[in-house]
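Read through the structure below, which is laid out as structure tokens, and then see the notes.
Each reported figure results from applying straightforward, stated rules to the coordinates on display, with no laboratory input. None of these values were measured; they are calculated from a predicted model. Glycine gets a Cβ as well: all are built from the backbone with ideal geometry, and neighbour counts include every protein chain shown.
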Amino acid sequence: MSEIRLYSFRRCPYAMRARLALRYCGVPVRIIEVSLKDKPVEMLALSPKGTVPVLSVDGEVIDESLAIMQWALARHDPDDWLLQDDPAVLALIAENDQGFKYQLDRYKYAERYPEQSREDYRAAGEVFLRKLEQLLAEREYLLADHPSLADMALAPFVRQFAHVDREWFAGAPYPNLQRWLEWFLNSPLFIGVMAKPHVLL
């Protein structure tokens with residue numbers, strides 16, 4: 001197998017979750033940190049849409065973060081992140097990617113969306129937070145008694161939502177979600193993929 005390259009941006013939640021899965025599965029990957037203001041020509045040649053992450057391996061290009069995670073887990077999934085292909089995993093990720101992310105962008109960048117207030121966008125995003133809180137009231141992780149693809153695919157986005165107003169999130173009525181996010185932020189896997197320089201070995 002030729003060198004596997006991942007074009008990434010450290011703080012992007014999509015790139016973050018791709019790095020989490022690649023590190024977990026143990027495939028050696030060369031991480032190329034991208035400046036979003038000056039995207040490398042070679043990345044644009046592989047994926048003209050110009051977004052991260054982009055995985056290049058043996059002539060194959062994968063430029064969707066969830067597809068990269070699935071590619072990694074197909075090679076090695078020692079702790080059953082896929083939960084035996086339980087459809088609930090992809091269903092929850094779809095809710096995050098299609099609904100929650102929409103509200104997250106408007107909450108974080110409310111000045112770009114003056115149609116509503118930041119508080120209104122936050123309240124809309126809280127609908128999904130309440131669902132996660134309920135799931136986490138029943139077990140330690142979202143869908144099982146151990147971390148799954150759902151936890152790793154969603155946590156970078158919940159992190160971003162929480163960090164828009166950390167004081168508000170710390171006082172919000174989501175103790176189980178706060179506990180879960182704290183676990184994620186302190187996990188060796190997350191710390192490893194956020195290290196500078198972040199090279200997966």
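Any chance you could give the angle, 0 to 90 degrees and rounded to 10, that helix 149-164 forms with the longest Cα principal axis of the chain?
Long axis of 149-164 versus the principal axis of the chain: about 60 degrees.
Does segment 15-111 classify as rounded, prolate or oblate by the C-alpha gyration tensor (a ≥ b ≥ c root eigenvalues; a/c under 1.5 gives rounded; else a/b over b/c gives prolate, otherwise oblate)? Could you put the intermediate results ahead of the total?
Numbers: a/c = 2.14, a/b = 1.06, b/c = 2.01.
It comes out oblate by the Cα gyration axes.
Return a whole-number percent for the relative contact order of segment 83-187, with Cα pairs under 8 Å and 6 or more residues apart as the contact set.
That works out to 28 percent.
Classify segment 83-187 as rounded, prolate or oblate, taking a ≥ b ≥ c as the square roots of the eigenvalues of its Cα gyration tensor: rounded when a/c is under 1.5, otherwise prolate if a/b is larger than b/c and oblate if not.
Since a/c reaches 1.5 and a/b is larger than b/c, the shape of segment 83-187 is classed as prolate.
In the structure displayed, which of Lys49/Lys196; Lys101/Lys196; Lys39/Lys131 lie more than 32 Å apart, Cα to Cα?
From the list (Lys49/Lys196; Lys101/Lys196; Lys39/Lys131), the Cα-Cα distance tops 32 Å for Lys39/Lys131.
Where in segment 57-119 are there chymotrypsin sites (Phe, Trp or Tyr not before Pro) that are in a DSSP coil and have at most 16 other Cβ atoms within 10 angstrom of their Cβ?
Tyr109
Considering the options Trp180, Pro87, Tyr107, tell which one lies farthest towards the positive end of the dipole of segment 83-187, charges being +1 on Lys and Arg and -1 on Asp and Glu at the Cβ, about the Cα centre.
Comparing the listed Cα positions along the dipole, Tyr107 ranks first.
If one takes the longest principal axis of the Cα atoms in the chain, at what angle in degrees, from 0 to 90 and to the nearest 10, does the Cα axis of helix 13-25 lie?
Tilt relative to the chain: about 60 degrees.
Using Cα pairs under 8 angstrom and six or more residues apart, how large is the relative contact order of the chain, in percent?
25 percent
Across the chain, where is the longest run that never hits GluC sites (Glu not before Pro) in a DSSP loop with at most 14 other C-beta atoms within 10 Å?
In the chain, the maximal stretch lacking such sites is 4-114.
Determine ³J(HN,Hα), in whole Hz, for all residues of segment 132-139 in sequence, where each value follows from phi through the Karplus function 6.51 cos²θ - 1.76 cosθ + 1.60 and θ = phi - 60°; x replaces Gly and Pro.
Computed from phi, the couplings for segment 132-139 are 5, 4, 5, 4, 7, 6, 9, 7 Hz.
Quick one: dipole size for the chain, taken about the Cα centre, charges +1 on Lys/Arg Cβ and -1 on Asp/Glu Cβ, in debye to the nearest 20.
Result for the chain is approximately 720 debye, rounded to the nearest 20.
About its Cα centre, how strong a charge dipole does segment 83-187 have in debye, to the nearest 20, once Lys and Arg get +1 and Asp and Glu get -1 at the Cβ?
Dipole size: approximately 280 debye.
What's the longest bit of the chain with no exposed trypsin sites (Lys or Arg not before Pro), using DSSP loop states and at most 13 other Cβ atoms within 10 Å as the test? Could you put the intermediate results ahead of the total?
Values: sites that count: Arg11, Lys37, Lys49, Arg139.
Answer from the scan: 50-138.
What is the spin-label model distance, in nm, from Asp38 to Gln134 if the labels are put 7 Å beyond Cα along the C-beta direction?
Placing both labels 7 Å beyond Cα along the Cβ direction yields 4.9 nm.
Give me the distance in nm between label points sitting 7 Å out from Cα along the Cα-to-Cβ direction at Asp105 and Leu189, one decimal.
That separation, rounded to one decimal, is 2.7 nm.
For Asn176 and Arg112, compute 0.36 nm times the residue count separating them, minus their Cα-Cα distance, and round to one decimal in nm.
19.9 nm
Using alpha carbons only, how many degrees (0 to 90, rounded to 10) separate the axis of helix 175-185 from the longest principal axis of the chain?
The helix 175-185 is inclined about 20 degrees to the chain.
Assuming a ≥ b ≥ c are the square roots of the Cα gyration tensor eigenvalues, decide whether the chain counts as rounded (a/c under 1.5), prolate (otherwise, with a/b larger than b/c) or oblate.
Working: a/c = 1.92, a/b = 1.29, b/c = 1.48.
Judged from the Cα gyration tensor, the chain comes out oblate (a/c at least 1.5, b/c at or above a/b).
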